[in-house]
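The values are calculated or read from the model by the stated rules, or taken from the named source; none is laboratory data. Because the structure is a prediction, the values reported are computed rather than measured. Positions of Cβ are backbone-derived with ideal geometry, glycine not excepted, and every protein chain shown enters the neighbour counts. Surface accessibility is based on the protein's heavy atoms, side chains included, excluding ligands, DNA and RNA. Shrake-Rupley method; radii C 1.70, N 1.55, O 1.52, S 1.80 Å.
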Amino acid sequence: MREMRVPESEILRQREYMRLVREMPDRPQSYHIVSMGCQMNERDSQTIAGMFEEMGMRREPVREEADLILYNTCCVRENAENKALGNVIWLKELKKARPELMICVGGCMPQEPGMAEAMRSRYPFIDLIYGTHNLYRLPENLCRALRERRPVVEVLDTEGEIVEGLPESRGGAHSAFVNIMYGCNNFCTYCIVPYVRGRERSRDPQDVIDECLRLRDAGVREITLLGQNVNSYRGGGAEFANLLRRLDRLGIERIRFMTSHPKDLSDELIAAYAELPHLMPHLHLPVQSGSDEVLRAMNRRYGRERYFDLVRCLRAARPDIGLTTDIIVGFPGETEAQFEETMALVDEVRFDSAYTFIFSPRKGTRAAQMPDATPAEVKSQRIQRLIARQNEITAQILRDQIGRRETVLVEGQSARDAGWIGGRTPRALMVNFPGDAGLVGRFVEVEITSAGRNTLRGRIVEEEK
Ligand code: SAH
Ligand code: SF4
Ligand code: F3S
């Protein structure tokens, strides 16, 4: 199937708008982007930054001082939405003091049905509201908002297209996100993502490879392939493991990806863990629940035994693999016994770490209609128990690392301890150690000397030549 692509002529038009904005005498001089939600949004924010820089704006690290503030929003759970709205309300005051301030709100939240209109009427001080499908039209829309000095609202209702050839600003990091597919077809009953991100579509493998080559030549040493469900990638008819094989040959030292759906975890992908030297031994594999009934009600299309099988096969292929997961507690109708099955699964699998969430009803999803009699306190006690259990497991796994030698890609300086730097092991465990900032972006051999609650400490035993 040929994927729908935004024509090159349209991208050239947008580049023309970027030039028009750059030449406006009273345009904003600086921008600040607040990126909420997942890595997909973070990657989008880099594209937005690239477009703003092409419009002549510079990045302003202090939000209050920027001439333009953009919120790239998330709506996956209610608290994500409340956080975005809380921020926006606060901006009203800032705008009173500085009327020329441009405020833009985009991403997943305005893409929810009816949300953009509600925002326009409730928050008339927002200058530009846009969704997920028209990110590439930001230059044109911003140009209009600047010229007309009145709010612009544009949310497109499409199945979703693929955009290539937009600028990007990645800030010179040694680790980079590369989107390989967009959207989601799974419709897990609790999840709003398929509604706000559209249908699954995969980038052409050559476009992905070209992007990775550019990154490699710019000094990037680790790439993380992104998609709501990366292992259902089907670019140019090729399956995900096939793309991984091609990327493994490019000379980029570390390859990671996220997020994977257990139902699409193929034998070929498991084999790739045994065979590809640059594929790092870490997999984020959201399980969501340990109960077959709950998994069925969630429309996850795998059961508890299938998940255990996958874990066994992965560990057989790559004994040092670290697994992480997402778990939802308090799905409508979840009983105490079903929750205990999740606790038992966590005990059996022994994840390196888990992101845990209390079910949050999202308008328009099937689960939001399901009767949900479990009191909030019960859900909250359940999640506390789960977190406590997972913390013990994480602490034990971290303690087991003491004495090992690991290769770490230095990511940056520690915010807390001067003279300390840190990075991740192949298994994606975070290690901090004394060292010079000049080592950022290099590989070092580290001996693990102690373990904290979520991170390791160590000392450098060898630096990259
Ligand atoms: N595409 C990814 C994850 C997307 S959202 C995947 O399928 O794994 C990230 C996580 O948020 C999900 O894994 C799920 O655990 C959680 N989540 C999504 N919708 C939620 C909701 N309505 N309430 C609580 N947690 C939710
Ligand atoms: Fe949401 Fe499920 Fe799609 Fe993940 S796979 S984005 S949880 S619908
Ligand atoms: Fe949130 Fe949108 Fe990502 S809803 S989790 S930012 S795809």
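Laid out as a table, the results:
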read-out: For Val329, distant residues with modelled amide H under 5 Å away; value: Phe357, Ile358, Phe359
read-out: Rel. contact order, % - alpha carbon contacts under 8 angstrom, at least six apart, region 111-232; value: 25 percent
read-out: Probe 1.4 Å, accessible area per residue of region 405-463, Å²; value: 50 Å²
read-out: Chymotrypsin sites (Phe, Trp or Tyr not before Pro) restricted to DSSP loop in region 163-224 with at most 15 other C-beta within 10 Å; value: Phe187
read-out: Accessible area (Å², per residue) of region 102-227, counting only protein heavy atoms and a probe of 1.4 Å; value: 35 Å²
read-out: Of Ala344, Ala118, Leu456, farthest towards positive along the dipole that unit charges on Lys, Arg, Asp, Glu beta carbons give the chain; value: Ala118
read-out: For region 175-399, radius of gyration divided by Kirkwood radius, i.e. Rg to Rh on alpha-carbons; value: 0.99
read-out: Binned Cα-Cα distances of the chain, short to long, each 20 Å bin given as a whole percent; value: 22, 55, 22, 0
read-out: Relative contact order for the chain, counting Cα pairs under 8 Å that sit 6 or more residues apart, in percent; value: 10 percent
read-out: Rounded percent of accessible protein surface that carbon and sulfur make up, region 175-399, 1.4 Å probe; value: 51 percent
read-out: Heavy-atom accessible surface of region 56-171: percent carbon and sulfur, 1.4 Å; value: 50 percent
read-out: Reachable lysines, given that their alpha-carbon falls under 16 Å from the alpha-carbon of Lys92 and they are not under 8 places away in the same chain; value: Lys83
read-out: Phi-based couplings in Hz for region 281-296 (Karplus 6.51, -1.76, 1.60; Gly and Pro marked x); value: x, 9, 9, 8, 10, x, 9, 6, 7, x, 10, 4, 5, 5, 4, 5
read-out: Carbon plus sulfur fraction of accessible area for region 405-463, probe 1.4 Å, in percent; value: 41 percent
read-out: By accessible area with a 1.4 Å probe, ligands and nucleic acids excluded, highest first: order of Lys363, Lys92, Lys379, Lys83; value: Lys363, Lys83, Lys92, Lys379
read-out: Inter-part distance where region 320-371 and region 165-228 are each reduced to a Cα centre, Å; value: 26 Å
read-out: Under-5 Å amide H pairs with Ala238, H placed in peptide plane, nonlocal only; value: none
read-out: Å² per residue, accessible surface of region 292-356 at 1.4 Å; value: 41 Å²
read-out: Span per principal axis, largest first, for the Cα atoms of region 8-154 (Å); value: 39, 37, 28
